[in-house]
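Novice: The structure under discussion is supplied below as structure tokens; questions concerning it will follow.
Laboratory data are not the source of any read-out in this text; all were calculated from the coordinates shown. What you see is a predicted model, and the numbers here were worked out from it, not measured in a lab. Positions of Cβ are backbone-derived with ideal geometry, glycine not excepted, and every protein chain shown enters the neighbour counts.
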């Protein structure tokens, strides 16, 4: 399995003075003294080859009065990863060294940890709140921070209908709404300027004073701009049409997935994961199920494994067709290419609906298996689609698009991300593989039964918009190959290894489960304390972390191309903001 | 007026002119035009936006209802489909967009989140329903509603339009001005200027 093991690399031997092996039962990895973090991280990257920092997150251990920052690093050459942590005493503002100088991919994730947990990373180039707005009171993921509608620490809640009277959270709140203000808040004296810090950060750029002295203008695109794929916003400074400075602004769809997830029971989180990357709900289910199964130490049945792989690959086909269609939409082809992808996607959604009962929010995976067996004719339908229709249709769509003049001129050589930069910025999925790095978790660190199938890791060399689009076509073909093999080999048997339960028992410990989702590496970091709900529930969201590379890719480009670059990254805001 | 009466207005039209002349009321023909050319605003919030796009695409084909022209600008749109979770960070923008839409305007809350907070209601950054800030005409339940459900909601909007008369509808009256909802502000928490009185004497 993919969990980092301390045996892979002996860090304590290399740094005996300030690295110690994790001793808590159920935990893995290394604990590093905060003051020496940069030194150890540099050695990890340069000596041990852990060049890819996948996930950074914090955990609030309130009973132990400790805050922890957890890092997961991997090698882009493949193999299991390594987990390391730093621990600090719990205070109002906890200080920790920033890893951005060693791994620039930590930038947005550290900002998130600052925003939600109040861990201040010294040495971070631009430490502002990211999901909430500047000026928000408190750090919501801390265990002692209660939201305005707080009822109880864990679900399921007590009866809300005692004696026939409905108790509503609104009625208990003094404002009749989801609002709470600090003591002594006076609206008439208060200042409301959440944008100031953003604009200050945006204005920190180097100007090359060559030629004409032009005026720079600040433009806000989003959060309701039609090209931003939802409620993403970018603030840019333009010199004519050229971007000189850009900051992504997010959080407009921050719906507190992690805070709610830490209150839910384990199974209750499954439908919430559907709503992360809502174009690929089956992959999200997959990653979450893997993480919890790792904690519970159970293995799904054979048939369930095959069904899972088929569903995950069908999701990838549907997602990539959508992504290609939307990229073309951003390039100005309006709705037509979208309709071609959409037509095929609807056929897959029909199968999802037959299998799980819902078109988009499948909620299909369970710990140890899947929720229900395939209906009678589903296998036949999948066979028809994946052996006859899709191979033909994908060729057709590619033929329509790949030689198109507009796509070639606007795509080739635009928004280039070099392979080295892609690794440095922790880019994942198609963004990484289009830059020449053949890193696919299904091959690099196989999970489930992916080691049984024949498929190629799609890779392209130029790292531009055109390559990202063509890479998605290639991945669709490979997914079709996997589904073809899986549906042929689909065994008979039970679909779940354990008796289905509403409240599962999860032993204390931590686990990091990851899959190669359509957008990239989707990981779930879960800490259990043996109770019915997770102590910490963190999502390593590929769309969010891929946006770290968005700023360096866009600077120097024309504003119209920035729209295309964003389209080629393929973000989904439910996952960016969570 | 009942549907039956509208279809037989009570005027005799000579047989030879029946192919060229029809008698109807001004409201009826005006609403017929409005109903068949509702322009929704093109902005999506969350998961429901994906189903909204599916509704607009070929399989469910929104253009059958004259609604395929989604305008990115609020100044050109009649209908705001609030498709997804409304967050505290987003609500100032939504209120501003609503204020910028010209009358007559309609709001459709699509899905559980936009109607009342949905599964994310308890979240610290989630507004429990867009109707806390803007008036909603039609609620469409579901998480997300299927395209068929959205189409049904849009037909309800059409029904509502059909039933309106310019004699007694507010925005056709003399001196009626645009409704302007005060834009909420982002402070230590979302701050709604309409709630200032509550700060002086809060409820229990």
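Novice: Please give the peptides B:162-172, A:463-473, A:295-305, A:214-224 ranked by average Cβ packing (other Cβ atoms within 10 Å per residue), highest first, as a rough proxy for protection.
Specialist: The peptides rank, most packed first, as A:463-473, A:295-305, A:214-224, B:162-172.
Novice: Could you list the square roots of 5 times each eigenvalue of the Cα gyration tensor of chain A, that is, the equivalent ellipsoid semi-axes, sorted largest first and rounded to whole Å?
Specialist: Each semi-axis is the square root of five times an eigenvalue, giving 33, 32, 26 Å.
Novice: Still on this structure: If one computes the Cα centroid of segment A:419-436 and of segment B:21-59, what distance in Å separates the two points?
Specialist: Result: 43 Å between the Cα centres.
Novice: Decide, for segment A:80-193, between rounded, prolate and oblate: order the square roots of the alpha carbon gyration tensor eigenvalues as a ≥ b ≥ c, take rounded if a/c falls under 1.5, and otherwise choose prolate if a/b is larger than b/c, else oblate.
Specialist: oblate
Novice: By the gyration tensor of its Cα atoms, with a ≥ b ≥ c the square roots of the eigenvalues, what is the shape of segment A:126-200: rounded for a/c under 1.5, prolate for a/b over b/c, or oblate?
Specialist: Verdict is prolate for segment A:126-200.
Novice: How big is segment A:332-447 by Rg and Dmax over its Cα atoms, in Å?
Specialist: Rg and Dmax of segment A:332-447, Cα atoms, are 18.6, 49 Å.
Novice: Specify the inter-centroid distance of segment A:265-303 and segment A:330-376, based on alpha-carbon positions, in whole Å.
Specialist: 17
Novice: Test of understanding: in a Gaussian network model of chain B with alpha carbons linked when under 10 Å, which of B:21, B:140, B:183 would top the mean-square fluctuation ranking?
Specialist: B:21
Novice: A follow-up question, please. Could you give log10 I(q)/I(0) at q = 0.12, 0.13, 0.14 Å⁻¹ for segment B:89-204, computed by the Debye formula over C-alpha point scatterers of equal weight, without solvent?
Specialist: The Cα Debye sum returns log10 ratios of -0.56, -0.65, -0.74.
Novice: Next question. Take every Cα pair under 8 Å in chain A that's 6+ residues apart, average their separations, divide by the length, and report that relative contact order as a whole percent.
Specialist: Once divided by the residue count of chain A, the mean separation gives 17 percent.
Novice: Taking 35 Å as R0, compute the FRET efficiency from the Cβ-Cβ separation of residue B:160 and residue A:400 and round it to 0.05.
Specialist: 0.25
Novice: Enter the per residue convex hull volume of segment A:45-118, computed from alpha-carbon coordinates, in Å³ rounded to the nearest integer. Walk me through the intermediate numbers first.
Specialist: Working: hull volume 6.7 nm³, N = 74.
Measuring per residue, one finds 91 Å³ for the Cα hull of segment A:45-118.
Novice: Moving on. Sum -39500 (n - 2.57) across every DSSP H segment of at least 4 residues in the protein assembly as shown, then divide by the residue count to get the 222 nm mean residue ellipticity, nearest 500.
Specialist: -9500 deg cm²/dmol
Novice: Any idea how far apart residue A:39 and residue A:65 come out in nm if each label point goes 7 Å out from Cα toward Cβ?
Specialist: 2.8
Novice: Now for a separate question. Using only the alpha-carbon atoms, how far is helix B:47-56 inclined from the longest principal axis of chain B? Give it as 0 to 90 degrees, nearest 10.
Specialist: Approximately 20 degrees, to the nearest 10.
Novice: Roughly what angle does helix B:147-162 make with the longest principal axis of chain B, taking Cα atoms, 0 to 90 degrees, to the nearest 10?
Specialist: Tilt of helix B:147-162: around 60 degrees.
Novice: Oh, and also: Could you sort the peptides A:388-399, A:103-114, B:125-136 by per-residue average Cβ neighbour count (10 Å cutoff), highest mean leading? Could you put the intermediate results ahead of the total?
Specialist: Values: A:388-399: 15.2, A:103-114: 25.3, B:125-136: 22.2.
Descending packing order for the listed peptides: A:103-114, B:125-136, A:388-399.
Novice: How big is segment A:114-262 by the Kirkwood estimate over distinct Cα pairs, in Å?
Specialist: In segment A:114-262 this quantity evaluates to 19.1 Å.
Novice: When the convex hull of the Cα atoms of segment A:257-577 is projected onto a plane and the area is averaged over all directions, what value comes out in nm²?
Specialist: 15.1
Novice: Right, another one. Kindly provide the pair-distance distribution of segment B:3-173 built from C-alpha pairs, with 5 Å bins from 0 and whole-percent values in order of increasing distance.
Specialist: Taking all Cα pairs of segment B:3-173, the binned fractions are 2, 8, 16, 19, 17, 13, 9, 6, 4, 3, 2, 1, 0, 0 percent.
Novice: While we're on this one: Expressed as an acute angle from 0 to 90° and rounded to the nearest 10, what is the orientation of the C-alpha long axis of helix B:26-35 relative to the principal long axis of chain B?
Specialist: 50
Novice: Send over the semi-axes of segment A:501-565's equivalent ellipsoid, whole angstrom and largest first, taken as the square roots of 5 times the C-alpha gyration tensor eigenvalues.
Specialist: Working from the Cα gyration tensor, I get semi-axes of 38, 11, 9 Å.
Novice: Per residue and in cubic angstrom, what volume does the convex hull of the Cα atoms of segment A:391-430 have?
Specialist: That works out to 81 Å³ per residue.
Novice: May I ask you to order B:95-104, A:178-187, A:268-277 by the average number of other C-beta atoms within 10 Å around their residues, highest value first?
Specialist: A:268-277, B:95-104, A:178-187
Novice: Now for a different question. Gap in Å between the Cα centre of segment A:45-122 and the Cα centre of segment A:528-561?
Specialist: Each part reduced to its Cα centre gives a spacing of 14 Å.
Novice: To one decimal place, what orientation-averaged projected area in nm² is obtained for the convex hull of the Cα set of segment A:90-144?
Specialist: 3.7
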